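Down below is the structure, laid out as structure tokens.
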Amino acid sequence: MRTLTLSVALSLIAMIGEAAETNHEMIERARGIHQRVITVDTHVDIPPNFATPAYDLMKPGPSRQQVHLPTMIEGGLDATFIIVFVGQGPRTDAGYAKALSDAFVKFAAIHRVTSDMYPDQIELARTAEDVRRIDAAGKKIALIGIENGYPMGRDLRLLDQFYDYGARYFGLIHTGHNDLGDSSVPNRRRGEPAEEHGGLTDLGRQVVHRLNELGIMVDVSHASKQTSLDIIAESKAPVIASHSSLEGVYDHPRNMSDEELMAIKASNGVVQVVAFDTYLRAVPQAKQDAIAALWKDIGVTTISDFRTMPRDELEVYRARMAKLELEFPRAGVKDLADHIDYAVGKVGIEHVGIASDFNGGGGIEGWSDASETFNVTLELVQRGYSEEQIAKLWGGNLLRVLADVEEHAKSSDR
Ligand SMILES: [Zn+2]
């Protein structure tokens, strides 16, 4: 009787203890989890002057960039896919040549950082195994993703070269349709129709096949819904959406529909939910009105007007925009977690991951740069995700997909 009472009392104490985890204890538990899991952010953009004094990965200085080695260390961000992005331009020989040279500038810059500038601090990973090895060695990890297939023009052989340079995912399309398929966002300035091809083109199909053979993950972010469904149907290896959120939470052309989400799951792939303000929730009308008024005031009618704007005027615009941002905060970590919850509810924990789109328009309240990465883990812990689940969301799933894609390539005739 006494023993029973004691054991009941002990379990009662244990239950009370669990229920009464203080906020401080939860934060400490989250910190432990954040430190132990490998955090992989699948989308960080770089400008053409990356790895020059204008954007030195060790010296934040005056640059507005959101990722540096010190901020990665501070925020516990272990690995980033650094993006070789070239915006869609004219589909002419001259256009392709310029795009290819712009892409090589970015490849070279990433290699400069990992091989020449900071090899003791960050290393280029070419395999999922590399990621784990480099992490265990206590260094930060760089991987390379390509955003927009435009730089390859119509030359499939360039894919082999991109692979050799370390590219491990390839998004076929960006804003504006191209030779590979339709975009989720046509280039309205060029008067593009909603669809040009009605999905993936024959060249696009050949690209998917070659990516499968090489062991490069195929990425559907930015593709139109039909193009992305075509890509997933065409790919013999798992497919990713490197930086997209969920249409089921907020209807935006850049977000994945339930149909795409289910198709990605069926391919054994992963959707990397992105911390991008305007994809996560509707921008409040009052903010839209305030931005429209600001644009009118400075004489801007389209986004391209900013390209020709004198530097001093641009500074004035930025300062006024910053004030506006304070007045109307961006989406926050809770909005990001709402999309994660939704995707997990639809397709399960195995097919969901996380991306920032830092330096490319991404960044939200609470995860505005690499130094704040822990806040995402804290929110997931608060929502009841276990360490095992968080490890999957933060990179485990993506690394599983990368390993599957590598395995598929080995088994196919290159
Ligand atoms: Zn993008």
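The values are calculated or read from the model by the stated rules, or taken from the named source; none is laboratory data. Quick caveat, the model's predicted, so the values are computed rather than measured. With ideal geometry, Cβ positions are generated from the backbone for all residues, glycine too; neighbour counts draw on all protein chains shown. Keep in mind that these areas ignore ligands, DNA and RNA; they rest on the heavy atoms of the full protein, side chains included. Shrake-Rupley method; radii C 1.70, N 1.55, O 1.52, S 1.80 Å.
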(1) of a type outside the set (Ser, Thr, Tyr); (2) under 17 Å from the mean Cα position of the chain (by Cα); (3) more than 23 Å from residue 67 (Cβ to Cβ): which one isn't true of residue 93, the others all being true? (2)
Out of (1) aliphatic (A, V, I, L, M); (2) closer than 23 Å to residue 46 by Cβ; (3) open to solvent by 30 Å² or more (accessible area, probe 1.4 Å), the one residue 391 does not meet is (2)
Of all residues making up the stretch 162-186, the number that are open to solvent by 10 Å² or more (accessible area, probe 1.4 Å) and within 14 Å of the ligand (Cβ to nearest atom): 4
Filter the stretch 306-316 down to the residues that are assigned to a loop (DSSP other than H, G, I, E, B) and surrounded by 13 or more Cβ atoms within 10 Å (Cβ to Cβ) and list them by number. 309
Quick check on the stretch 230-246: of everything there that is farther than 20 Å from residue 350 by Cα and not hydrophobic (A, V, I, L, M, F, W, C), which residue is nearest to the ligand (Cβ to nearest atom)? 230
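Let's see how each residue does on (1) surrounded by 13 or more Cβ atoms within 10 Å (Cβ to Cβ); (2) more than 30 Å from residue 240 (Cα to Cα):
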position: 320; (1), (2): yes, yes
position: 336; (1), (2): yes, no
position: 348; (1), (2): no, no
position: 357; (1), (2): yes, no
position: 372; (1), (2): yes, no
Selection over the stretch 194-229 where residues are open to solvent by less than 30 Å² (accessible area, probe 1.4 Å) and either of a type in the set (D, E, K, R) or within 16 Å of the ligand (Cβ to nearest atom) (or both) yields a count of 10
State the number of residues belonging to the stretch 247-277 that are under 16 Å from residue 350 (Cα atoms), aliphatic (A, V, I, L, M) and open to solvent by less than 30 Å² (accessible area, probe 1.4 Å). 6
Taking the criterion of being free of Cβ contacts under 8 Å to residues at least 40 places away in the same chain and on the phi > 0 side of the Ramachandran plot, would at least one residue in the stretch 213-221 satisfy it? no
In the stretch 317-370, which residues are part of a loop (DSSP other than H, G, I, E, B) and away from the ligand (no atom under 16 Å from the Cβ)? 328, 329, 330, 331, 348, 366, 368, 369
Restricting to the stretch 160-191, give me the number of residues that are at pLDDT below 95 and either touching a helix residue (DSSP H, G or I) at 6+ places or on another chain (Cβ under 8 Å) or among the charged types (D, E, K, R) (or both). 3
Counting only residues that are charged (D, E, K, R) and buried (at least 23 other Cβ atoms within 10 Å of the Cβ), the stretch 135-161 contains a total of 1
Filtering the stretch 374-385 for residues that are open to solvent by 40 Å² or more (accessible area, probe 1.4 Å) and touching a helix residue (DSSP H, G or I) at 6+ places or on another chain (Cβ under 9 Å) leaves a count of 3
Looking at the stretch 26-50, I want the residues that are within 16 Å of the ligand (Cβ to nearest atom) and have a partner that is part of a helix (DSSP H, G or I) and open to solvent by 10 Å² or more (accessible area, probe 1.4 Å) with Cβ atoms under 8 Å, at least 6 apart or on another chain. Which pairs are those? 46/106
Mind checking whether some residue in the stretch 72-90 is without any contact (Cβ under 8 Å) to a residue 60 or more places away in the chain and either surrounded by fewer than 20 Cβ atoms within 10 Å (Cβ to Cβ) or within 16 Å of the ligand (Cβ to nearest atom) (or both)? yes
So, in the stretch 112-134, exactly how many residues are part of a helix (DSSP H, G or I) and open to solvent by 50 Å² or more (accessible area, probe 1.4 Å)? 7
